[in-house]
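One structure is given here, and the rest of the page talks about it.
Read-outs: derived from the displayed coordinates by stated rules, not from any lab. Remember, it's a predicted structure, so these values are computed and weren't measured experimentally. Heads up, the Cβs are rebuilt from the backbone with ideal geometry, glycines too, and the neighbour counts pull from every protein chain shown.
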Amino acid sequence: ERVVLGVAAVAVPGIAWGAPGALDLRTAGALLVAAAGVALFSGDASQGFTRACRTVFGLLWIPVSLSGLVLLGDTAVAVGVAVAFGDVGAWCGGTALGRRGFLSRPLSPLSPNKTWAGVAGAAVVTAAALAAVGAFSVALWAAVLVGCVLGDLLESMVKREAGVKDAGSWLPGFGGLLDRIDSLLVALLLTMVVTL
């Protein structure tokens, strides 16, 4: 599965750059066959379907999201800036406002330290960041904000499923590379949905 994900993480954005018209149902079909093929040829009857589903999810989440770096052009830069500042805004909002009341409630049991106060902080800061780079629109702001929130929760779910605390060791002290780009991946995906 890792080989399929690794190849796709390079190939799908490469196709988006070299032949954007080729990203269609043919590409989706090839990714689906590759994901299923690994599980089928391993002969894993007890976990094969689960492994194939995880691989398909990973193919949609990572390579397709990364293709947004190519397909979105300058908008991808604006999204990256807004997500980076949104993460800081979420931390500041959670720290400043997340002590009591509704805003202190956790968003999800997957990540009990993520609160509605953090969402409020991210909402303000992502709007300001998009406005500062001249890219504000309600649709883009919503895509970035939802991407910030869902990306973080999604990665928490994946880590719990895998039974790990950090998503890697490439960036020691920061939880791994995926911890740094989890929100960006979902924000890019949602931005493609609302702008392309």
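Worth a mention:
- Descending by average beta-carbon neighbour count within 10 Å, the peptides 2-15, 121-134, 19-32 line up as 121-134, 2-15, 19-32, the highest first.
- Put in order of Cβ neighbour count within 10 Å, fewest first, the listed residues 100, 160 become 100, 160.
- Alpha-carbon centroid distance for the pair the stretch 82-150 / the stretch 1-35, whole angstrom: 31
- Between residue 49 and residue 28, the distance separating the two model label sites (each 7 Å from Cα on the Cα→Cβ line) works out to 2.2 nm.
- Packing-based order for 78-86, 50-58, using average beta carbon neighbours within 10 Å, highest first: 78-86, 50-58
- For the chain, averaging the sequence separation of C-alpha pairs within contact (under 8 Å, six or more residues apart) and dividing by the residue count gives a relative contact order of 20 percent.
- Theoretical ellipticity at 222 nm over the chain - DSSP helices of four or more residues, -39500 (n - 2.57) apiece, nearest 500: -24500 deg cm²/dmol
- The residues packed around residue 105, meaning those with a beta-carbon under 12 Å from its beta-carbon, carry a net charge of +3 if Lys and Arg are +1 and Asp and Glu are -1.
- Within-13-Å neighbourhood charge of residue 117 [Cβ basis; K, R +1; D, E -1]: +4
- Residues residue 41 and residue 162, FRET efficiency given R0 of 30 Å [Cβ-Cβ distance, rounded to 0.05]: 0.85
- Ascending count of other beta-carbon atoms within 10 Å, so fewest first, for 92, 148: 92, 148
- Net charge, residue 47 excluded, C-beta distance under 14 Å - Lys, Arg +1, Asp, Glu -1: -1
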